[in-house]
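Below is one structure; the comments refer to it alone.
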Amino acid sequence: MTFTLPDLPYAYDALAPHMSKETLEFHHDKHHQAYVTNGNNLLKGSEFEGKSLEEIVKGSFGKNAALFNNAGQHYNHIHFWKWMKPKGGGGKLPGRLEKKVNDDLGGLEKFKTDFAAAGAGQFGSGWAWLSVKNGKLEVSKTPNGENPLVHGATPILGVDVWEHSYYIDYRNRRPDYLKAFVEHLVNWDYVDELFGKAT
Ligand code: MN3
């Protein structure tokens, strides 16, 4: 397959004031585009040409670092745009997901705390995740472009903690960005959709 940059599923100014138009212009149009362009150049002539994005991410991990970094980040960002929506977040989850979060993670408020702590605790660039592994929900973090797919889990929510995702709006205050993400941006309907597919 060839990587293509998806459009944002909302207007560039739709997530303000929690994530600005300027951040989305740089993050989507420049950073994500660079992963797409570099990934396509690295795919050409490689053994991964013709494979699906998930196959490329899993297959290149530990074998072809340059391709993995770009393919992983392409995968992560395709979902990241959909993991947010205007007036997202909030205190109520879709029913089946609410029960699972209560059973496996000690409830929504504890999840929010643990997820934000994972993001704040990732040293340098990376991501914090909510994934399904062996039928259970788990919170984790990964460096750089790595994601739970390469650790035998299915990601259903992730937050980008590379500085390019928050520095324009929050400067060095990564915890404030993470709080805004969980309280105001998460698109729980999309998380629930991925949860349904993963279980
Ligand atoms: Mn990013």
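The values are calculated or read from the model by the stated rules, or taken from the named source; none is laboratory data. Predicted model, so just to flag it, every value in this text is computed and none were measured. Because the Cβ atoms are built from the backbone with ideal geometry, glycine has one as well, and the counts that use them run over all protein chains shown. For the accessible areas, the whole protein counts, side chains as well, though only heavy atoms, and no ligand, DNA or RNA atoms are used. Shrake-Rupley method; radii C 1.70, N 1.55, O 1.52, S 1.80 Å.
Label-to-label distance for residue 96 and residue 154 is 1.0 nm, based on points extended 7 Å past Cα in the beta-carbon direction. Rounded to the nearest whole Hz, the Karplus-based 3J(HN,Hα) values (6.51 cos²θ - 1.76 cosθ + 1.60, θ = phi - 60°) of region 93-110 follow the sequence 9, x, x, 5, 6, 4, 5, 5, 5, 5, 5, 9, 10, x, x, 5, 5, 5, with x at glycine and proline. Accessible area of residue 7 (1.4 Å probe, protein heavy atoms only, ligands and nucleic acids ignored): about 130 Å². Equivalent ellipsoid of region 15-57: semi-axes from √(5λ) of the C-alpha gyration tensor, largest first, are 30, 11, 5 Å. Since only 2, 128, 97 are under comparison, the one whose Cα sits farthest along the positive direction of the charge dipole of the chain, derived from C-beta charges on Lys, Arg, Asp and Glu, is 97. Peptides 55-67, 101-113 ranked from most to least packed give 55-67, 101-113, packing being the mean of other C-beta atoms within 10 angstrom over each peptide's residues. For the pair residue 16 and residue 4, the difference between a 0.36 nm per residue extended length and the Cα-Cα distance amounts to 1.7 nm.
To the nearest 0.05, how large is the calculated FRET efficiency for residue 167 and residue 123 if R₀ is 25 Å and r is the Cβ-Cβ distance? About 0.95, to the nearest 0.05.
Whole-Hz Karplus values for region 154-163 come out as 10, x, 10, 7, x, 10, 6, 10, 5, 4 Hz, taken residue by residue from phi with 6.51 cos²θ - 1.76 cosθ + 1.60 and θ = phi - 60°; glycine and proline positions read x. The amide H of residue 144, built 1.01 Å from its N in the peptide plane, has 125, 126, 127 as neighbours under 5 Å, considering only residues 5 or more places off or on other chains.
The modelled label-to-label distance for the pair residue 109/residue 41, using points 7 Å beyond Cα in the direction of Cβ, is 5.0 nm.
Is the C-alpha gyration tensor of region 3-92 telling us rounded, prolate or oblate? Criteria: a/c under 1.5 is rounded; beyond that, a/b larger than b/c is prolate, otherwise oblate. Because a/c hits 1.5 or more and a/b exceeds b/c, region 3-92 counts as prolate. For the residue pairs 30/110; 21/112; 87/110; 58/99; 30/133; 87/179, the alpha carbons lie more than 23 Å apart in 30/110; 21/112; 58/99; 30/133. The packing ranking, built from the mean of other Cβ atoms within 10 Å per residue, places the peptides 73-80, 140-147 in the order 73-80, 140-147, highest first.
Shown in residue order for region 119-133 are the 3J(HN,Hα) couplings computed by the Karplus curve 6.51 cos²θ - 1.76 cosθ + 1.60 at θ = phi - 60°: x, 5, x, 6, 6, x, 6, x, 9, 10, 9, 10, 9, 9, 9 Hz (x for Gly and Pro). Above 24 Å, the calculated P(r) of the chain contains 38 percent of its Cα-Cα pairs.
Exposure check, 1.4 Å probe, all protein chains in place: residue 20 carries approximately 30 Å² of accessible surface.
What whole number of Å gives the distance from the Cα centroid of region 27-101 to the Cα centroid of region 163-199? A separation of 15 Å, based on Cα centres.
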